[in-house]
Amino acid sequence: MTSTIQPRKRLLGFTLIEIMIVIAVIGILAAIALPSYQEHVRRTNRAEAKGILLEMAQLLERNFTEANRYDLKSDTTSFTLPVTQSPKTGTAKYTIRFSPDTLTQNSYTLEAVPTGSMANDACATLTLTHTGIKGVSGNPSLTASDCWQR
């Protein structure tokens, strides 16, 4: 009687250990990539708000050349901002407004106040004055260059 031992057929598929290693690698990559992505989104939203502040300042300067003052138009009606949020359409990330009591005949201070998903942004409120001075308020540990340059 001869017996032949038949080789085991190789099973196809993945072992539990292999699947767990893949899940761990994906988790590590996600833990590294997600904060980086979120910071990039915050910077993009901040850049759009800065652009709108500069655009509103340009409109105010144009008004000043026509009316010789910031607070009134040449037809003596009050100057109002045509854009009051960033982005201009969709869900507001920043509210664009004049700082309280700063729109006068000879000066203004614009501010972009974070709202919604940007409410806890480290840069807090971005400001821009009639002399072009860029600033931040709401976070004393940051300077204007920390938020306006990046």
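A short reminder: the numbers here are calculations on the coordinates, not readings from a lab. Just so it is clear, the structure is predicted and the values come from calculations on it, not from any experiment. Counting neighbours? That spans all protein chains shown, and the Cβs are built from the backbone with ideal geometry, glycine included.
Percent of alpha carbon pairs in the stretch 74-150 separated by more than 18 Å? Distances greater than 18 Å cover 45 percent of the Cα pairs. Report note on the peptides 21-27, 113-119, 97-103, 137-143: ranked by the mean count of other C-beta atoms within 10 Å, highest first, their order is 113-119, 97-103, 137-143, 21-27.
Inter-label distance, Gln149 to Lys73: 3.9 nm, where each label sits 7 Å from its Cα along the C-beta direction.
Identify, among Gln105, Thr89, Ile26, the residue whose Cα sits farthest towards the positive end of the charge dipole of the chain, taking +1 on the Cβ of Lys and Arg and -1 on the Cβ of Asp and Glu, with the dipole about the Cα centre. Toward the positive end, the furthest listed residue is Ile26. A Cβ-based charge dipole, computed about the Cα centre of the stretch 16-148 with Lys and Arg at +1 and Asp and Glu at -1, lands at about 80 debye.
For the stretch 93-150 versus the stretch 11-80, the inter-centroid distance based on Cα atoms is 15 Å. Entry note, the chain: relative contact order of 15 percent, from Cα contacts under 8 Å with a spacing of 6+ residues.
Spacing of the modelled spin labels on Glu39 and Thr104, each 7 Å from Cα toward Cβ, amounts to 4.1 nm. Note the angle between two axes, namely the Cα long axis of helix 16-67 and the longest principal axis of the Cα atoms of the chain, as a number of degrees from 0 to 90, rounded to the nearest 10. Roughly 10 degrees between the two axes.
Please list log₁₀ I(q)/I(0) at q = 0.13 Å⁻¹ for the stretch 1-135, using the Debye equation with identical point scatterers on the alpha-carbon positions. Debye intensities relative to I(0), on a log10 scale: -0.67. Of the peptides 32-39, 121-128, the ranking by mean beta-carbon count within 10 Å, highest at the top, reads 121-128, 32-39.
Using the rule -39500 (n - 2.57) for each DSSP H run of four or more residues, divided by the residues of the chain, the 222 nm mean residue ellipticity is -13500 deg cm²/dmol.
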